[in-house]
Structure formats: C-alpha cells, structure tokens
Amino acid sequence: MADSSTFVTQRAKVGYRDGAAKMKQDAALFEDAQQPSQTSQSTLLLQKKKLMEEAQSELDRKKEEIRLRMLRCQEKEDALAIVQADLRAQVVKFEKFLKDNDAKRLRAHRKALEEIKQRELKEKEIEILLQQLKTAEEMKQNKGEQLDKIRIYEHFIETVVEHSDEYQEISSVLERFETLAGTNVELKTTIKNSNHEMKEQRDDLAQFVKEAQNQILLSNSSIATHQEQLEEAKTVAKKITQEQTALNNRFREETRLSGEITMSIENLYQRCRIKKRPDADVSLLGRLKAIEEALSDMQDVAKRAEDALENGGVMM
C-alpha cells in the first residue's frame, strides 16, 4: 500500500510541474509579444488576465485531481489496512489451528504409544496364561495317569477282601498292614541289636581266650625257673578256671539265646513263607532272606496303601 501511495503522489507532482511549466511558457510568450508589438495596454492586460485565469483554472483542476487521487489513495490504504488486519487475524487463527493440530497429533501419538504398550502387556499376559494353562493340562494328564495306576491297586485290595475270609473290609487290610509294618520295624531292630551284641560277645570271648592262652604260655614257661610261684600260678589257674566256668555259662546263655533267636526266625519264616515245599531244606541265612523278602513285600503293600490314603483312599 505504501508503494501505491508513493506512485500516486509522484504522478500528482509530475502533473503539477507540467502546469507550472505551461504557465512559465505563457508568461514568456506574453513578454515576447509585448516587446515587438505596440498593442494597446488593455488588450495585453486582457490577454494576460485570460492566461492567468486559464493557468489558475488548470492549477485548480490539477489540485482537485491531486486531492481526489489522495482521497482514493487514502481509501485504498484504509482498505489495505483492513485486509492486513484480516490477514493477521487469519494468520493468528491459522497458527492457533496449527498449534491445536500439533497438540492433538502429539496426544494421539502418545495415546497410540500407550495403546501399543498396553497391547504388548496384554499379549505377554496371554502368553503367560497360555503357558500356565498348558502346564495345568500336563499336570492334569499326569494326575490322571497316576490315578489310573492307583486304581489297579485299589482293585487288587478289593479283590483280596472279596476272596478272603479273614478280612471283611479294606480298613482291616490296612490295619493288618500297619501291625505288620510295626512288627517288621521291631524285628529289624531286635535282629540288629542281637547281631551287634553277638559280635561284641564273640570279640570279647576271642580276646579273653587269647589273653588266657597268652597267660598260660607265660605260666608254663615260668614253671621251670619259678617253682616258688606254683601256688600263685595254681591260684591264677583256679581263677582262670572260674572265669572259664563263668564264660562257659555265659556261652551257654548265649547259645540258648541264639537258639531262641533261631526259633523266632523259624517261626517268622513259617508265618511269612509263601508256597514252599514242606521238605525244603533251607538254611538259616535263606530263611532270613525269605523273611526279608516277605517284609519287603509287606513294606511295598504298606507304601501303596499309604499312597492310596494320601490320594483319597484310591490305591494305585
């Protein structure tokens, strides 16, 4: 708008200079005409007046034209100012729109990132739950297989109860098993203690016999040279005889105890024997092994019964 107003002003100034030049030209012609000719003063005055009036009219016309141009320029400047104000307002609105749009875009971007993060978390949770479900199904399958195995033993106990006159209920079998298990433990403890005591007694006897033999050898070797010690030796011999008698008594007691243990083993063997020939010649060690096998079978049955009790009364 400043360029347009400057251009209009320059045009107005050019028009003004043209009018002034024309007036100067008319004045020069007037002076030139005054010198060569001797016209009347009134004619020249009228001509000069006329020229002045024309110049003044031209000047007034130019002034009015310049004023109108200045008014139009002012109007254009006002219109341009209004347009600029509108443009500024539109620019402000557009900048605000851009800012709002950027803010919305950032919020939408953050929301999208948050949704992606939540989706990834949910996918991880789904994977964990699927793994847990798979593990639970595998455990269920294993428990089902174990239950099928337990049912075999349950059926076995039920069959035993059905075909047995001694046991009327499964609880009777379990009670009998508990009794046998306790007896087994006590028997094992007794056998272990007896074996330990017998070993100690044998060691003591062997040590005593060895010491006695050494003492006898020392006594025999000293008889020839130490006759005076004969009485003392007899006393020692008597003492040794007494100890030997006590040892023999102790040995007889141990023999009796060993016989009782042997009879106990025979009794247990007869009770635990399963379909052996009556005339089968089985050694003591064989009988102990047979008792151990029977006890092992009973322990197996007891363990299965305990497992059945832990699994709700269902035997594998």
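The values are calculated or read from the model by the stated rules, or taken from the named source; none is laboratory data. Values in this document were obtained by computation on a predicted structure and should not be read as measured data. Quick reminder, even Gly has a Cβ in these numbers, built from the backbone with ideal geometry, and neighbours come from all protein chains shown.
Some observations on this one:
- Restricting attention to segment 169-193 and to residues that are loosely packed, with under 13 Cβ neighbours inside 10 Å and over 53 Å from the mean Cα position of the chain (by Cα), the residue that is nearest to Lys289 (Cα to Cα) turns out to be Thr190.
- Restricting Glu138, Glu166, Glu211 to those that are loosely packed, with under 12 Cβ neighbours inside 10 Å and outside any helix (DSSP H, G or I) reduces the list to Glu166.
- Gln229 being part of a helix (DSSP H, G or I), modelled with pLDDT under 80, polar (S, T, N, Q) and farther than 23 Å from Lys199 by Cα: yes
- Some residue of segment 194-210 being among the hydroxyl-bearing types (Ser, Thr, Tyr), more than 54 Å from the chain's Cα centre (by Cα) and in the same structural domain as Ser296 (by TED's automatic domain parsing): yes
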